[in-house]
Amino acid sequence: MHPSATRRFTPAKALQGLLATAALLFGHTALADQPVDHAKVTLVLGDQARNLRSMVEAAGVLENTPYAYRWANFQGAAPLFEAQRAGAVDTSYAGDLPVLAAAAGGVPLKIIATNAGYGSGNGLLVQADSPLRQVKDLKGHSVVVSSAKGSISQHLLYEALREAGLRRSDVTLKFVLPTDASAAFNAGQIDAWAVFDPYLGIAERNGARLLRNGEGLTSALSFVTATESSLADPAKRAAIADVVRRFAQARQWAIEHPQEYAKVYAELTHLPLDTAAFITQRASRGLRPVTAEDIEKVQKVADLFHEVEVLPQHVDVQAITDRTLFTSDEAL
């Protein structure tokens, strides 16, 4: 069964325009001319903190799909990729380092599309009244990183320490899932917290002070990945290609309709509207096919984190990327 759409803000003509735009961006799948039975396909779409689902439902782009789908929501990348390891989800959506960590840990996935984000959606926080005023003040302190080893927030922390002239050994790292870390931070039990949206934005709106965000430090790239076994199934592969095009339509719709997007995000997450708007306005610059430049950027991240022994295995980013799903590089 399809989940019911919460809102249908997009007029039919506007949606048709978005479909045309996505077709230009993503071209046709390599299997587009092969007959597939969509009616027998059910996709499980992995999501974090309902970020993707809220946008997709706001845009109404999954109405009348020729295949069935359902959402699987997780509070962070670590549990999401465990589900992908088990084959419990067909697609996932996560930042560059969590994808690399999953691949290094043996999760059978392929990167199939890129979300170009904002570094401001990943940050290093302290309490409003904290004596820690700059990143260099973290020396000798503990920093809680969400969600697990190999997160985008760990990448931000390492880059922020380097920028401040500190060594990674100058701080003590603790890894805590976002919801638990949020409760501890609100209770004043955490001095410094490296975390991503929506948890970052919620804490900022509640008075937490930002020491440094990811602008200019991290790639701000995240990816849609697909489970290898799902891509090997012709019917699922075609359905995945279609759903990713629809994700791209939703991203474009959200960029063009920020108030409507924030409203639906607030309803789905039960956040105040001003907090939802604060988070959603820095969610994305757009979703597109993976480029050679993306692969080059993320390979540098992979090399760094293998060198510092965060990634147990070296990851060849080219090898875990499937650029055949979308053959067009137009409008990139």
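Throughout, read-outs are computed from the coordinates displayed, never taken from laboratory work. Given the structure is predicted, the values throughout are model-derived calculations rather than measurements. Cβ atoms come from the backbone with ideal geometry, glycine included; neighbour counts cover every protein chain shown.
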Original post:
Has the range 158-178 got any residue that is β-branched (Val, Ile, Thr) and in a loop (DSSP other than H, G, I, E, B)?
Top reply: yes
Original post:
Restricted to the range 203-212, and to residues that are over 26 Å from Glu293 (Cα atoms) and not aliphatic (A, V, I, L, M), which residue is surrounded by the fewest Cβ atoms within 10 Å (Cβ to Cβ)?
Top reply: Gly207
Subject >> Every pair of residues 6+ apart whose Cβ atoms lie under 7 Å, when the first sits in the range 251-277 and is under 13 Å from Pro198 (Cβ atoms) and without any contact (Cβ under 8 Å) to a residue 12 or more places away in the chain while the second is of a type outside the set (Phe, Trp, Tyr) and surrounded by fewer than 17 Cβ atoms within 10 Å (Cβ to Cβ) >> reply: Ala266/Pro272; Ala266/Leu273
**OP:** Select, from Ala226, Ala248, Ala319, Ala277, the only residue that is closer than 29 Å to Ala68 by Cβ and assigned to a helix (DSSP H, G or I).
**Re:** Ala248
Original post:
For residues in the range 111-155 being part of a loop (DSSP other than H, G, I, E, B) and among the hydrophobic types (A, V, I, L, M, F, W, C), which is surrounded by the fewest Cβ atoms within 10 Å (Cβ to Cβ)?
Top reply: Ala128
**OP:** For the range 244-267, indicate whether the set of residues that are in contact with a Lys or Arg (Cβ under 7 Å, 6 or more places away or on another chain) and of a type in the set (S, T, N, Q) is non-empty.
**Re:** no
Original post:
For the range 213-230, which residues satisfy the criterion of being crowded, with 23+ Cβ neighbours inside 10 Å and either farther than 19 Å from Gln281 by Cβ or β-branched (Val, Ile, Thr) (or both)?
Top reply: Thr218, Phe223, Val224, Thr225, Ala226, Thr227, Ser230
**OP:** Go through the range 45-68 residue by residue and tally those that are more than 24 Å from Ile279 (Cα to Cα) and surrounded by 19 or more Cβ atoms within 10 Å (Cβ to Cβ).
**Re:** 1
Original post:
Given the conditions (1) more than 12 Å from the chain's Cα centre (by Cα); (2) in contact (Cβ under 8 Å) with a residue 24 or more places away in the chain; (3) not in a helix (DSSP H, G or I), and given that Asp47 satisfies all but one, which numbered condition is not satisfied?
Top reply: (1)
